Amino acid sequence: MTYDLTGKRIWVAGHRGMVGGAVVRRLASEECEVITAGRDVVDLTDQKAVHAWMAQTRPDAIVMAAAKVGGILANNSNPVDFLYDNLVIETNIAHAAHENDVGRFLFLGSSCIYPKLAPQPIPEDSLLTGPLEPTNEWYAIAKIAGIRLCQAYRKQYGRDWISAMPTNLYGPGDNYDLQSSHVLPALLRKFHEAKQTGAKEVVVWGSGTPLREFLHCDDLADALVFLLKEYSGYEHVNVGSGVEVTIRELAETIAKVVGYDARLTFDATKPDGTPRKLMDSSRLHGMGWNRGRSLEEGIADAYRHFLRAEGVAA
Ligand code: GFB
């Protein structure tokens, strides 16, 4: 084992988000102490506050799941939020971590860091080999900077800091707001509401032909804890499920899980985004992690949590 979690104090930055929440749940079965701090305790965009909090708290390790995230429309409409906020949060945390001698740091990126027309499945070394997908290049550039930041601290100061690149995620604690969410929670809500009102159609943005790979956040959290314990290296590591579907197929699977059949209408005024982004996760699999549920099982789990949050018995 590269890093023994026993007795370690681990700060999960961004614990109120879907990914941070999943990491906290997963770490509960390790013999470590999990530290969390809400916005009321430390504002991650405030450099002084982050440094003061870190100096006082002094975690042994950090899982960096704090980020401004959103779906294709939110990314495309709010470039400053996705570039500036993410750069500020990651530089504040990384530098405060360095100054306070935090030995282990796991940075989380996204599959959108890769070129729009990267070879499929996308290997880690296709980073920075071509132009990015314009709908999310702001977010992608912030995440690429985060990877480089970890590598820079490793190179200059010998820090054992690593990065993981998850594919499109979903699960408990997801954002279900139709304007800012990703496709999977958006379509879950749309089918659920169509079922309630008896609507005959569900609107799907774009052409329905783009391909996406989906991973349940609890499967991601399991892979992240694995990497935290087992991986030390300069290169980032892809974390995907290998489960790739078209947006139309995704809508059909969601219809099945929700138990409501509606006609799909495609809204061509909305962007498709990148045509395909299936990641090559063979590096992670080669290290010994290869788990995960099926897409249908995962969506059923997300739907149970959605219903509970809506106050509807599952
Ligand atoms: O999940 P999503 O918003 O983001 O959209 P990306 C994926 C695909 O689903 C696009 C289509 O082709 C959308 O047009 N789609 C269909 C919908 N109906 C809907 C809908 O109701 N809502 C949404 N949101 N999409 C994101 C990036 O890209 O992926 C982020 O913007 C991040 O930066 C994330 O990297 C993982 O997969 O296109």
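Just a few scattered comments:
- Restricting attention to the range 12-43, the residues being outside any helix (DSSP H, G or I) and out of contact with any Phe, Trp or Tyr (no Cβ under 9 Å at 6 or more places or on another chain) number 16.
- Complete set of residues in the range 255-288 that are of a type in the set (D, E, K, R) and closer than 21 Å to Ala302 by Cβ: Lys256, Asp261, Lys277
- When residues of the range 263-293 are limited to those that are more than 10 Å from the ligand (Cβ to nearest atom) and touching a Phe, Trp or Tyr at 6+ places or on another chain (Cβ under 7 Å), the one nearest to Leu73 (Cα to Cα): Trp289
- A single member of Val12, Val69, Val42 is modelled with pLDDT of 95 or more and open to solvent by 20 Å² or more (accessible area, probe 1.4 Å), and it is Val69.
The values are calculated or read from the model by the stated rules, or taken from the named source; none is laboratory data. What you are looking at is a predicted structure, and each value in this text was computed from that prediction instead of being measured. Virtual Cβ from ideal backbone geometry, glycine too; neighbours counted across all protein chains shown. In case anyone asks, the SASA skips ligands and DNA or RNA and just uses the protein heavy atoms, side chains included. Shrake-Rupley method; radii C 1.70, N 1.55, O 1.52, S 1.80 Å.
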